[in-house]
Structure formats: structure tokens, C-alpha cells
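Inspection log for the structure reproduced underneath, given as C-alpha cells.
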Amino acid sequence: VGVLPRHIGVWHELYPNVSIRLHEFRHRSLLEDAVEQGVADFALGPVPVRPWDGPLETVGWEEFVLVTPVRDELARLSSIRLEELHDREWVLYHPDHGLAGIVEALCRTAGFTPRGTVRTSQAEGAVRLAAAGLGIALVPDNIVVPGIDCAVLAIEPRVVRDIAVYARVPL
């Protein structure tokens, strides 16, 4: 959602007669399976967890950030350590969503288990739920689009992951 729309728009302008079918996956393992099984021609997402035999090229990175409502006292900060959020409520992801494990692992490393008020299956939805005051949401920075009334805080130390394009046949 945060990376592809701009590029798909350019592709469509250059090749208006070529249809595009976009598959969105809740977990990177499902994305990897789709490419391996030929359901998708290529993938753009986190670097595969398992060894990848086909073409794979890192094309960028994304940083994880925290989203809060603008009325929250945290909104005046530009960054925060996760340890400082142990007593806060969180917007969490459904257990089968790829970000669920990331949130849980980061919070566990910070010494606590996040206390959720709501679970969602969409990162973009997590931003909106956090902006509405349901808790803090951890999301990739490219998901936070202009126009949503929220505060965005960097995590200290920064949490980033590589983004890659990969396929099972030459690109």
C-alpha cells in the first residue's frame, strides 16, 4: 500500500492495455509461497525468510514507526524507546498477520507484552485506529499517508527492514 501505487500508476500510463492483478498478502510467507507456486510473477516485500534460489534484489528499506492520536501526550515527542510504552494500550494485528510477530518480538525485547484494545488485519487500518485513540500502532513508515490526523514517532533505536523484489524466473 505504501510503496506500489505510485509505480503502478506510472506503469499503467506507459502500458494502458496491460492489466495488472495485485495480490496483497497478510504474511511474507504467503507472498513467498505465491511466487514459488507461480501464482505471482514477482514479489515486492520484505526479503524472504527462507533461502531464495531465483532472482532477488534489495530495492530499498522501510522503517517502523509508532502512531498515536495528536491529542496524546506522546504526540509532542519525535522519538521514543519502546521500553517507555510498557503500560500503554496497543492496536495489535491478527495472529496470522506478519506484523503481529514483529510487534510481539519488539515489545518482548523491550521487556513487556503489549496490551491490545483491538486487532486488525490491515496496517493502514492500524494507523486509523491509533489516530482514533484506540492505542499505539507500530507500522511501516510508508503506510502513514498524508491527511490522517495522527502523530508519528520514531523508535529508538531505529527499527528497519530491507525491501526486495524477487521472482522464481528471471525478471
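The residues in the stretch 18-72 that are among the aromatic types (Phe, Trp, Tyr) and farther than 26 Å from residue 90 by Cα can be counted, and the count is 2. Out of all the residues in the stretch 70-89, is one or more at pLDDT below 95 and in a helix (DSSP H, G or I)? Scanning the stretch 70-89, I find no residue that is at pLDDT below 95 and in a helix (DSSP H, G or I), so the answer is no. In the stretch 100-114, which residue that is touching a residue at least 12 places away in the same chain (Cβ under 8 Å) and not in a helix (DSSP H, G or I) is most open to solvent (accessible area, probe 1.4 Å)? This residue is 111. The set of residues in the stretch 12-55 that are in contact with a Pro (Cβ under 7 Å, 6 or more places away or on another chain) and over 30 Å from residue 151 (Cβ atoms) comprises 32, 55. Hey, does the stretch 39-50 have a residue that's of a type outside the set (Asp, Glu), modelled with pLDDT of 95 or more, more than 14 Å from the chain's Cα centre (by Cα) and open to solvent by 20 Å² or more (accessible area, probe 1.4 Å)? Scanning the stretch 39-50 turns up no residue that is of a type outside the set (Asp, Glu), modelled with pLDDT of 95 or more, more than 14 Å from the chain's Cα centre (by Cα) and open to solvent by 20 Å² or more (accessible area, probe 1.4 Å). Does the stretch 12-35 hold any residues that are over 16 Å from residue 121 (Cα atoms) and either among the small types (Gly, Ala, Ser) or at pLDDT 90 or above (or both), and which are they? Hits for the stretch 12-35 are 12, 13, 14, 15, 16, 17, 18, 19, 32, 33, 34, 35. Select from the stretch 1-18 the residues that are in a loop (DSSP other than H, G, I, E, B) and in contact (Cβ under 8 Å) with a residue 40 or more places away in the chain and write down the one among them that is surrounded by the fewest Cβ atoms within 10 Å (Cβ to Cβ). Among residues in the stretch 1-18 that are in a loop (DSSP other than H, G, I, E, B) and in contact (Cβ under 8 Å) with a residue 40 or more places away in the chain, the one surrounded by the fewest Cβ atoms within 10 Å (Cβ to Cβ) is 1. Going through (1) in contact with a helix residue (DSSP H, G or I) (Cβ under 7 Å, 6 or more places away or on another chain); (2) surrounded by fewer than 18 Cβ atoms within 10 Å (Cβ to Cβ) one by one, residue 81 falls short only on (1). For the stretch 138-171, a residue qualifies if it is in contact with a Ser or Thr (Cβ under 9 Å, 6 or more places away or on another chain) and either open to solvent by less than 60 Å² (accessible area, probe 1.4 Å) or free of Cβ contacts under 8 Å to residues at least 12 places away in the same chain (or both), and the qualifying residues are 150, 151, 153, 154, 155, 163, 164, 165. Does the stretch 115-137 hold any residues that are open to solvent by less than 20 Å² (accessible area, probe 1.4 Å) and in a loop (DSSP other than H, G, I, E, B), and which are they? Selection gives 135 alone.
Do the conditions hold for residue 120, that is, is it in contact with a Cys (Cβ under 9 Å, 6 or more places away or on another chain) and of a type in the set (S, T, N, Q)? So residue 120 does not fit the description; no. Being open to solvent by 80 Å² or more (accessible area, probe 1.4 Å), of a type in the set (D, E, K, R) and under 20 Å from the mean Cα position of the chain (by Cα) is true for just one of 57, 73. Which residue is that? Being open to solvent by 80 Å² or more (accessible area, probe 1.4 Å), of a type in the set (D, E, K, R) and under 20 Å from the mean Cα position of the chain (by Cα) holds for just one of 57, 73, which is 57. Residues in the stretch 19-31: is at least one part of a helix (DSSP H, G or I) and open to solvent by 90 Å² or more (accessible area, probe 1.4 Å)? No; the residues of the stretch 19-31 include none that is part of a helix (DSSP H, G or I) and open to solvent by 90 Å² or more (accessible area, probe 1.4 Å).
The values are calculated or read from the model by the stated rules, or taken from the named source; none is laboratory data. Values in this document were obtained by computation on a predicted structure and should not be read as measured data. With ideal geometry, Cβ positions are generated from the backbone for all residues, glycine too; neighbour counts draw on all protein chains shown. The protein model used for the area step is the full one, side chains on, heavy atoms only, and it has no ligands, DNA or RNA in it. Shrake-Rupley method; radii C 1.70, N 1.55, O 1.52, S 1.80 Å.
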